Amino acid sequence: MSAWRISLALLLLIAAPLALGAESNPLSIPAVTLSTNGQGQQEYSVSLQILMIMTALSFIPAFLMLMTSFTRIIIVFSILRQALGLQQTPSNQILIGLALFLTFFIMAPVFDQINREALQPYLSEQLPAQEAIAKAEVPIKNFMLSQTRSSDLELFVRLSKRTDIASPDQAPLTIIVPAFVTSELKTAFQIGFMIFIPFLIIDMVVASILMAMGMMMLSPLIISLPFKIMLFVLIDGWALIMGTLASSFGTL
C-alpha cells in the first residue's frame, strides 16, 4: 500500500505542472492542449501523444499474447514437450523464442498491411492519429475474426448484451479479443491432443512389455523416452510441427 501511495504521489507531482499549462509557468509543457486541423478534427499535442505511446508500450506483452498467433504456438510447444516426457528441454526461453519468431513470420502480412496503410501515412502526416488507429485496427481484426469460431464470438456478443452488432465486422475489440483467445485455446488443445497420441502409444507399448517381463519396478518413462526422441527425430518433428502451426492459420 505504501509503494502504491508513493507511486501515486510521484504521478501527481509530475502531472500537476503539465496540467497547469504554459500560462502559469512559462517553462512547463502544455500537455493537454488540443489543435484543430484543416479538416476540422481535433488532435492532441505532441507531448500527450508521447505519453500515450509510452503508456501503450506496457500493453505490448498483452497484445502479443492475446491478439496474435503466439498463444496457439506456445501452448502447442508446451504440450509437445510434455508429450515427449522432457521437463526442462527445450527450456522455456528457447520455446518462447521459437514461438516469438514464428509469430512474427505468421503475422508478417498483417504487420505489413498495418505499416503500409496506417503507420507510414501517419508518420508522413497524411493521416491524423484517430484515423491511423482506425485503419490499424482493420487488419488485426480481420486476422482475429478469421481464426475465431462463430460460436465463441456469439457467446461474447450475448454476454455483452449488445443488440447493435449485425455482423462480426461491427464487433469491437473488447468482444473480438476474448472470443479469439477462447478459439485459440480450443484449437491449441486440439492440436496438442493429436500430438500426444503417438507418444502415448509408445508409453503404453513399453509399459505392457515391462509388465510382461515382470519388470514392474522399472519406470516405463525411462525406457520409452529414447524411443520417443528417436521417433520425433526420424520424422523431422520440429519442421513438421512448425509447418503445421504456420499453415493452420491460413494466412500464408
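The values are calculated or read from the model by the stated rules, or taken from the named source; none is laboratory data. Keep in mind it's a predicted model, so treat the numbers as computed, not measured. Every residue, glycine as well, gets a Cβ built from its backbone with ideal geometry; the counts of neighbours run over all protein chains shown. Ligands, DNA and RNA are stripped out before the accessible areas are found, and what is left, the full protein with its side chains, is counted by its heavy atoms. Shrake-Rupley method; radii C 1.70, N 1.55, O 1.52, S 1.80 Å.
Give the residue, chosen from 101, 143, that is aromatic (Phe, Trp, Tyr), on the phi < 0 side of the Ramachandran plot and exposed (fewer than 14 other Cβ atoms within 10 Å of the Cβ).
101
So is residue 48 surrounded by 14 or more Cβ atoms within 10 Å (Cβ to Cβ), out of contact with any strand residue (DSSP E or B) (no Cβ under 8 Å at 6 or more places or on another chain), assigned to a helix (DSSP H, G or I) and at pLDDT below 85 or not? Can you show your working first?
Working: surrounded by 14 or more Cβ atoms within 10 Å (Cβ to Cβ): yes; out of contact with any strand residue (DSSP E or B) (no Cβ under 8 Å at 6 or more places or on another chain): yes; assigned to a helix (DSSP H, G or I): yes; at pLDDT below 85: yes.
In short, yes.
In segment 151-178, which residue that is open to solvent by 70 Å² or more (accessible area, probe 1.4 Å) and charged (D, E, K, R) is nearest to residue 109 (Cα to Cα)?
In this case the residue turns out to be 169.
Of the conditions (1) surrounded by fewer than 13 Cβ atoms within 10 Å (Cβ to Cβ); (2) more than 25 Å from residue 72 (Cα to Cα); (3) in contact with a helix residue (DSSP H, G or I) (Cβ under 8 Å, 6 or more places away or on another chain), residue 116 clears all except one; give me its number.
Residue 116 satisfies every listed condition except (3).
Counting just the residues of segment 233-243 that are assigned to a helix (DSSP H, G or I) and at pLDDT 85 or above, which one comes out most open to solvent (accessible area, probe 1.4 Å)?
234
For segment 64-73, check the following and say yes or no: at least one residue is of a type outside the set (Val, Ile, Thr), closer than 30 Å to residue 130 by Cα and modelled with pLDDT under 80.
yes
Residue by residue through segment 189-220, note down the ones that are closer than 17 Å to residue 237 by Cα and open to solvent by less than 50 Å² (accessible area, probe 1.4 Å).
Correct list: 191, 192, 195, 199, 202.
Name the residues in segment 178-198 that are in contact with a helix residue (DSSP H, G or I) (Cβ under 9 Å, 6 or more places away or on another chain) and closer than 14 Å to residue 149 by Cβ, would you?
178, 179, 180, 181, 182, 183, 184, 185, 186, 187, 188, 189
Out of segment 74-96, which residues are modelled with pLDDT of 85 or more, of a type in the set (Gly, Ala, Ser) and touching a Lys or Arg at 6+ places or on another chain (Cβ under 9 Å)?
The one that is modelled with pLDDT of 85 or more, of a type in the set (Gly, Ala, Ser) and touching a Lys or Arg at 6+ places or on another chain (Cβ under 9 Å): 83.
(1) in a helix (DSSP H, G or I); (2) among the β-branched types (Val, Ile, Thr); (3) free of Cβ contacts under 8 Å to residues at least 60 places away in the same chain: which one isn't true of residue 165, the others all being true?
Against the list (1) in a helix (DSSP H, G or I); (2) among the β-branched types (Val, Ile, Thr); (3) free of Cβ contacts under 8 Å to residues at least 60 places away in the same chain, residue 165 comes up short only on (1).
Taking the condition of being open to solvent by 30 Å² or more (accessible area, probe 1.4 Å) and either part of a helix (DSSP H, G or I) or over 29 Å from residue 146 (Cα atoms) (or both), how many residues in segment 51-78 meet it?
17
Would you mind stating whether residue 148 is exposed (fewer than 14 other Cβ atoms within 10 Å of the Cβ) and either under 21 Å from residue 107 (Cα atoms) or at pLDDT below 85 (or both)?
no
If residue 146 meets every condition in (1) touching a residue at least 24 places away in the same chain (Cβ under 8 Å); (2) out of contact with any helix residue (DSSP H, G or I) (no Cβ under 9 Å at 6 or more places or on another chain); (3) more than 30 Å from residue 235 (Cβ to Cβ) apart from one, which number is that one?
Condition (3) is where residue 146 drops out.
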